[in-house]
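**Student:** I'd like to ask you about the structure that follows.
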Protein chains: 2
Amino acid sequence: FLSYTIDEYLLDTNLSLSSLTASRRGLPQKKMSENGISRPKVLTLDTMNPTVKMVEYAVRGPIVQRAVELEKELSEGIEKPFTEVIKANIGDAQAMGQQPITFFRQVLALCSYPELLNLDNTFPEDAKNRARLILQSCGGSSLGAYSPSQGIDYVRQDVANYIERRDGGVPCDPDNIYLTTGASDGITTILKLLVCGQGIDRTGVMISIPQYPLYSAALAELGAVQINYFLNEDNCWSMDIQELQRAVNEARQHCHPRALCIINPGNPTGQVQSRDCIEDVIRFAAKERLFLMADEVYQDNVYAEGCKFHSFKKVLFEMGPEYSETVELASFHSTSKCYMGECGFRGGYMEVINMDDDVKSQLTKLVSVRLCSPVPGQALMDLVVNPPQPGEPSYNCFIKERTATLSALAEKAKLTEKILNTVPGIRCNPVQGAMYSFPCITIPDKAIKEALEKGQQPDMFYCMTMLEETGICLVPGSGFGQKRINEGFVVMTILPPIDKLTILLNKVKEFHQRFTKQYS
Amino acid sequence: FLSYTIDEYLLDTNLSLSSLTASRRGLPQKKMSENGISRPKVLTLDTMNPTVKMVEYAVRGPIVQRAVELEKELSEGIEKPFTEVIKANIGDAQAMGQQPITFFRQVLALCSYPELLNLDNTFPEDAKNRARLILQSCGGSSLGAYSPSQGIDYVRQDVANYIERRDGGVPCDPDNIYLTTGASDGITTILKLLVCGQGIDRTGVMISIPQYPLYSAALAELGAVQINYFLNEDNCWSMDIQELQRAVNEARQHCHPRALCIINPGNPTGQVQSRDCIEDVIRFAAKERLFLMADEVYQDNVYAEGCKFHSFKKVLFEMGPEYSETVELASFHSTSKCYMGECGFRGGYMEVINMDDDVKSQLTKLVSVRLCSPVPGQALMDLVVNPPQPGEPSYNCFIKERTATLSALAEKAKLTEKILNTVPGIRCNPVQGAMYSFPCITIPDKAIKEALEKGQQPDMFYCMTMLEETGICLVPGSGFGQKRINEGFVVMTILPPIDKLTILLNKVKEFHQRFTKQYS
């Protein structure tokens, strides 16, 4: 069964999830109510939007649903071979115990309930001042008013200042800044603008494999063509221009490639791109006429020695007007990652460079339909891009908290790589940045066979078995597009506290050894 | 020029906005950079998603953009015939000075910065307790963690309890509750599920005219067919089954009608539907096999004597199992309206009734791509559905604040109707509920002619002139689908404080008299 791909096998055996769904379609759609009245449903799997059905989202897929069930079973006192479910599937830092930055939360509390501005000695003066500035920039001086659709002017100005500082003075126009509901919102909005055409003219969008499943999900929903380019595992998941060229050439046979998405630092692969590589990518995009989308939400999460974050915008502008005045770029940031980990607030921004003015008007119109992104998230984005400065009362505390979080992440990145690489049958690239390891797992033939007989991807079978036996929830790499015949990959965050992460990694090690033995 | 419709005229004169855009398309797309390098843009009006171009959103359209410009000009010291721009175009209560509910904001502050739980005498005990309960229900006890995609379990349970209380005990399953990013998010999500088919099989969705422009915008973006049914101005903007029947019959000639949207209390027309009418609508939906979407965000905003809010769900269940077990319904609520006016937090929920289980799984998957709705908004939704109870420390203050806001709104509803109806050439139905008046304006022939020569809808011309002369920003009814030959409509919120609203209404009166005289 190894002579063809696993997807083909699953298709043949008619056991894949989608075919299970298909067989369900044979059921009569009419349902009888208890008193015998029948009326067919308006909305069924058969009659719903077919593009929605195509959407897959591994990060919150069946394995996470099972993890939630197991948590419930544990809380109901049902005995398990473990006492706790550890969800290492998603970059949810605060759920893993990371503490928020004190200054940020003080300002948010003051903005939420401005009566607190009258308290003495409870809040530092800089937190109070900032809350006043944010409130002044809100309608009715309240977080409860709508903001302009593009975001609060004051916040967009602070974002622009931040980008200029970050990029060594490259100018940033606040009119190019859009505040978003997390980075996902910005990414899907730009993709939405880009999609058009039918058949061979259909918009194709290049995404890295392994990918973050938001991209495949958004493209499926929009009915765009997903163009895969593979990252190079042998070179620490780097981007390779020859591979980009191969992907775009092949894609031109059946669609119209119009955009290139890059995640840097990488999710889920943790690589940090070199300046040279970014320059090559920009040149490639210019040559192939691709709109660049740079997902840079992990811009502070760089751990490996010799690695540094370079923003696509900075490199673009350093390449001179041939590029800086022509290449279209959207870059995305968020309050959810880096040292903040404020996922729940759904704050974010995007900057658009060289976007056609008419298209920008269309973008502004499009975002206005949702009225505005959450104002508390906008306020938080402001604090992230304009944190306490030296000499201000909150500065020392802020630096201490930020450094502690980032140092711990760097330590955990090393620890993960180190422990995983001690396990025969597991190999793991250095986690240069971001919040995940993406180790390769050798899966024994017998286990692959059993998985396929169950209609599962082998790495899904591996992860499900691990979850049932250890309570550890990882995500199979196949959900991120990474599929090989006899190797699987898994995504594991490095977010748990060090002591817990050590236990977790050793449990993974023990499990892998047991699993390998069992199926040898 | 009154012998055909205004749209036809604008089409003929080639002066409409869309034709202006079209003429722009003739421009060369290549732009030269300063040093002579040319590279055509990837993304232009010609090459962008055509469905996005079709989207219109009057509430934040050109008139609001002009209002923002005027504000800027005023702040720069440029002289105007007014000293302040009053944006009466959108239901943004707190921007108009409405104060938030103290208890809500106290709990949000405590949740944002839990250190405050240690303060003595600053917060009432019930606010502290509630903050603890909400935090316990969050990952890592923090608003900064992602919630489950469907929303925090604890909040969904509180929502279910609220709905049961509101609907006199009709059961509500928390599994049917999805927390959303405002109601707009829920509405577009359900519409997204419903859209499929091509040509005559394309999904059609019935919306009221006048409508809230979110509906037309979302349908345009999804490429669904908008089916207009007209509300009856002569009967206080009531829904009329014969009109629904006409609309659906005509639509069946060219599309597949699958859903019926109702806004009750009405936006922008302020009507409150009678229980009988709702029953008729449900019967009609069952007969015509339409999925019902009930936008009930103004459920607490009922002012007129003899009017009462009836939820579609309650009526559905009172009609017995023939309906309650078969008719598919999604209903929407939000933190943005009623007495709360917390628009900026983007909180909301939807309840789905009789939705096919497989479709529900698809819905859950679809919402999971955006990870979760903003957690502060979820917390706020919890407070709205479970406010302080009698005997609790915050109860009296809560009741006082809520009553003050709702009584003031009721008074402003009456005041608006009263003053507007004293003006010859303006007629205004009673504002039974919601937050808007939608008066009919007689526009003199000369003014219509001048508008059309400028390529504007006459009501847009009227509103623009009013804005430039008085600083008052209203929205033309044509943006809400209401177009007549020699009458225009305008949308005006009733939200400004009473003294300001009185001044505003009198200014509108004076303006209308002046305008009528000028163009007679």
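The values are calculated or read from the model by the stated rules, or taken from the named source; none is laboratory data. As the structure is a computational prediction, the values presented were derived from the model and not from experiment. Virtual Cβ from ideal backbone geometry, glycine too; neighbours counted across all protein chains shown. When the accessible area is computed, the model is the full protein with side chains, heavy atoms only, and any ligands, DNA or RNA have been set aside. Shrake-Rupley method; radii C 1.70, N 1.55, O 1.52, S 1.80 Å.
**Student:** Spot the failing condition for A:Gln456; the list is (1) assigned to a helix (DSSP H, G or I); (2) open to solvent by 10 Å² or more (accessible area, probe 1.4 Å); (3) closer than 24 Å to A:Ala220 by Cβ, and only one is missed.
**Tutor:** (1)
**Student:** Between a residue in the range A:85-111 that is more than 9 Å from B:Tyr113 (Cβ to Cβ) and any residue that is in a loop (DSSP other than H, G, I, E, B) and basic (Lys, Arg), which pairs come within a Cβ distance under 9 Å, given they are 6 or more apart or on different chains?
**Tutor:** Pairs found: A:Gly91/A:Lys337; A:Ala93/A:Lys337.
**Student:** In the range A:106-116, which residue that is open to solvent by 10 Å² or more (accessible area, probe 1.4 Å) and within 7 Å of chain B (Cβ to nearest Cβ) is nearest to B:Ala145 (Cα to Cα)?
**Tutor:** Filtering the range A:106-116 down to residues open to solvent by 10 Å² or more (accessible area, probe 1.4 Å) leaves A:106, A:113-115.
Adding the requirement that they be within 7 Å of chain B (Cβ to nearest Cβ) leaves A:106, A:113.
On the way: A:Gln106: 17, A:Tyr113: 21 Å.
It comes out as A:Gln106.
**Student:** Residue check, A:Ala67 against (1) of a type in the set (Gly, Ala, Ser); (2) open to solvent by 10 Å² or more (accessible area, probe 1.4 Å); (3) more than 9 Å from chain B (Cβ to nearest Cβ), all met but one. Which one?
**Tutor:** Against the list (1) of a type in the set (Gly, Ala, Ser); (2) open to solvent by 10 Å² or more (accessible area, probe 1.4 Å); (3) more than 9 Å from chain B (Cβ to nearest Cβ), A:Ala67 comes up short only on (2).
**Student:** Give the range B:300-317 a look and list any residue that's polar (S, T, N, Q) and either modelled with pLDDT under 95 or buried (at least 23 other Cβ atoms within 10 Å of the Cβ) (or both), or say none.
**Tutor:** Result: B:Asn301, single match.
**Student:** What residue, of B:Pro388, B:Pro393, is farther than 14 Å from B:Arg105 by Cβ and assigned to a loop (DSSP other than H, G, I, E, B)? Full working, then the answer.
**Tutor:** Details: B:Pro388 fails: farther than 14 Å from B:Arg105 by Cβ.
When all the criteria are applied, what remains is B:Pro393.
**Student:** Check the range B:142-165 and report whether any residue there is open to solvent by less than 60 Å² (accessible area, probe 1.4 Å), at the interface with another protein chain (Cβ under 8 Å from one of its Cβ atoms) and more than 20 Å from A:Leu108 (Cα to Cα).
**Tutor:** yes
**Student:** Residues to consider are B:Glu411, B:Glu392; find the one that is over 30 Å from B:Ala160 (Cα atoms) and open to solvent by 20 Å² or more (accessible area, probe 1.4 Å).
**Tutor:** B:Glu411
**Student:** Starting from the range B:201-217, keep only residues that are of a type in the set (D, E, K, R), then list their pairs with residues that are assigned to a strand (DSSP E or B) whose Cβ atoms are within a distance under 7 Å, requiring at least 6 positions of separation or different chains.
**Tutor:** Filtered contacts from the range B:201-217: B:Asp201/B:His256; B:Arg202/B:Val225; B:Arg202/B:His256.
**Student:** Another question, if that's okay. Go through (1) buried (at least 21 other Cβ atoms within 10 Å of the Cβ); (2) within 12 Å of chain B (Cβ to nearest Cβ) and name the single condition A:Thr416 misses.
**Tutor:** (2)
**Student:** I would also like to ask the following. Report, by residue number, each residue of the range B:36-93 that is polar (S, T, N, Q) and either over 18 Å from the mean Cα position of the chain (by Cα) or not assigned by TED's automatic domain parsing to the domain that holds B:Glu510 (or both).
**Tutor:** Residues satisfying the conditions are B:Ser38, B:Thr44, B:Thr47, B:Asn49, B:Thr51, B:Gln65, B:Ser75, B:Thr83.
**Student:** Look at A:Thr442 and say whether it is surrounded by fewer than 21 Cβ atoms within 10 Å (Cβ to Cβ), more than 12 Å from every other protein chain (Cβ to nearest Cβ), among the hydroxyl-bearing types (Ser, Thr, Tyr) and within 27 Å of A:Lys87 (Cα to Cα).
**Tutor:** Values: surrounded by fewer than 21 Cβ atoms within 10 Å (Cβ to Cβ): yes; more than 12 Å from every other protein chain (Cβ to nearest Cβ): yes; among the hydroxyl-bearing types (Ser, Thr, Tyr): yes; within 27 Å of A:Lys87 (Cα to Cα): yes.
Yes, satisfied.
**Student:** Quick check: is even one residue across the range B:253-263 more than 23 Å from B:Lys192 (Cα to Cα), out of contact with any Ser or Thr (no Cβ under 6 Å at 6 or more places or on another chain) and not assigned by TED's automatic domain parsing to the domain that holds B:Cys428?
**Tutor:** Scanning the range B:253-263, I find no residue that is more than 23 Å from B:Lys192 (Cα to Cα), out of contact with any Ser or Thr (no Cβ under 6 Å at 6 or more places or on another chain) and not assigned by TED's automatic domain parsing to the domain that holds B:Cys428, so the answer is no.
**Student:** Does the range A:237-262 hold any residues that are assigned to a strand (DSSP E or B) and open to solvent by 10 Å² or more (accessible area, probe 1.4 Å), and which are they?
**Tutor:** Residues satisfying the conditions are A:Ser238, A:His256.
**Student:** Any chance you could count how many residues in the range A:166-177 are open to solvent by less than 10 Å² (accessible area, probe 1.4 Å) and either within 12 Å of chain B (Cβ to nearest Cβ) or part of a loop (DSSP other than H, G, I, E, B) (or both)?
**Tutor:** At the first step, the residues of the range A:166-177 found to be open to solvent by less than 10 Å² (accessible area, probe 1.4 Å) are A:167, A:177.
Okay, now just the ones that are also either within 12 Å of chain B (Cβ to nearest Cβ) or part of a loop (DSSP other than H, G, I, E, B) (or both), so A:167.
Here the count works out to 1.
**Student:** When you scan the range A:91-100, do you find a residue that is modelled with pLDDT under 95, more than 12 Å from every other protein chain (Cβ to nearest Cβ), part of a loop (DSSP other than H, G, I, E, B) and open to solvent by less than 10 Å² (accessible area, probe 1.4 Å), even just one?
**Tutor:** no
**Student:** Here is a list: A:Cys397, A:Cys372. Which entry is surrounded by fewer than 17 Cβ atoms within 10 Å (Cβ to Cβ), within 14 Å of chain B (Cβ to nearest Cβ) and touching a residue at least 24 places away in the same chain (Cβ under 8 Å)?
**Tutor:** Exactly one residue qualifies, and that residue is A:Cys397.
**Student:** Shifting gears a bit: From A:Thr83, A:Thr44, which residue is open to solvent by 30 Å² or more (accessible area, probe 1.4 Å) and farther than 26 Å from B:Gly347 by Cα?
**Tutor:** Only one candidate qualifies: A:Thr83.
**Student:** Additional query: Which residues, taken from the range A:318-338, are more than 18 Å from A:Leu179 (Cα to Cα) and either open to solvent by 10 Å² or more (accessible area, probe 1.4 Å) or within 7 Å of chain B (Cβ to nearest Cβ) (or both)?
**Tutor:** Answer for the range A:318-338, where residues must be more than 18 Å from A:Leu179 (Cα to Cα) and either open to solvent by 10 Å² or more (accessible area, probe 1.4 Å) or within 7 Å of chain B (Cβ to nearest Cβ) (or both): A:Glu318, A:Met319, A:Gly320, A:Pro321, A:Glu322, A:Tyr323, A:Ser324, A:Glu325, A:Thr326, A:Glu328.
**Student:** Of the residues that sit in the range B:192-213 and are facing chain A (nearest Cβ under 9 Å) and not small (Gly, Ala, Ser), which one is surrounded by the fewest Cβ atoms within 10 Å (Cβ to Cβ)?
**Tutor:** B:Lys192
**Student:** Going by the conditions given, is B:Ile263 under 22 Å from the mean Cα position of the chain (by Cα), closer than 19 Å to B:Gly481 by Cβ and modelled with pLDDT of 95 or more?
**Tutor:** Numbers: under 22 Å from the mean Cα position of the chain (by Cα): yes; closer than 19 Å to B:Gly481 by Cβ: yes; modelled with pLDDT of 95 or more: yes.
Yes.
**Student:** Considering each of A:Asn228, A:Asn161 in turn, give the residue that is more than 22 Å from the chain's Cα centre (by Cα) and not acidic (Asp, Glu).
**Tutor:** Matching residue, one of A:Asn228, A:Asn161: A:Asn161.
**Student:** Going by the conditions given, is A:Phe291 open to solvent by 10 Å² or more (accessible area, probe 1.4 Å), within 25 Å of A:Ser334 (Cα to Cα) and of a type in the set (Phe, Trp, Tyr)?
**Tutor:** So A:Phe291 fails the test.
**Student:** I need the full set of residues from the range B:289-323 which are of a type in the set (D, E, K, R) and part of a helix (DSSP H, G or I), in order please.
**Tutor:** Matches in the range B:289-323: B:Lys313, B:Lys314, B:Glu318, B:Glu322.
**Student:** Give me the residue from the range A:355-369 that is surrounded by 22 or more Cβ atoms within 10 Å (Cβ to Cβ) and in contact with a strand residue (DSSP E or B) (Cβ under 8 Å, 6 or more places away or on another chain) and, out of that set, farthest from B:Leu108 (Cα to Cα).
**Tutor:** The qualifying residue farthest from B:Leu108 (Cα to Cα) is A:Met355.
**Student:** How do the pairs read when you match residues in the range B:279-297 that are more than 9 Å from every other protein chain (Cβ to nearest Cβ) with residues anywhere that are part of a strand (DSSP E or B) and of a type in the set (Val, Ile, Thr), using Cβ under 6 Å and keeping only pairs 6 or more apart or on different chains?
**Tutor:** Close Cβ pairs satisfying both conditions: B:Ala294/B:Ile262; B:Asp295/B:Ile263.
**Student:** Just checking, which of B:Thr189, B:Thr180 is within 13 Å of chain A (Cβ to nearest Cβ), in a helix (DSSP H, G or I) and touching a Ser or Thr at 6+ places or on another chain (Cβ under 8 Å)? First the steps, then the outcome.
**Tutor:** Numbers: B:Thr180 fails: in a helix (DSSP H, G or I).
Sole residue among the options that is within 13 Å of chain A (Cβ to nearest Cβ), in a helix (DSSP H, G or I) and touching a Ser or Thr at 6+ places or on another chain (Cβ under 8 Å): B:Thr189.
**Student:** Inside the range A:111-127, can you point out the residues that are closer than 15 Å to A:Asp382 by Cβ and not hydroxyl-bearing (Ser, Thr, Tyr)?
**Tutor:** Within the range A:111-127, A:Cys111, A:Asp126, A:Ala127 qualify.
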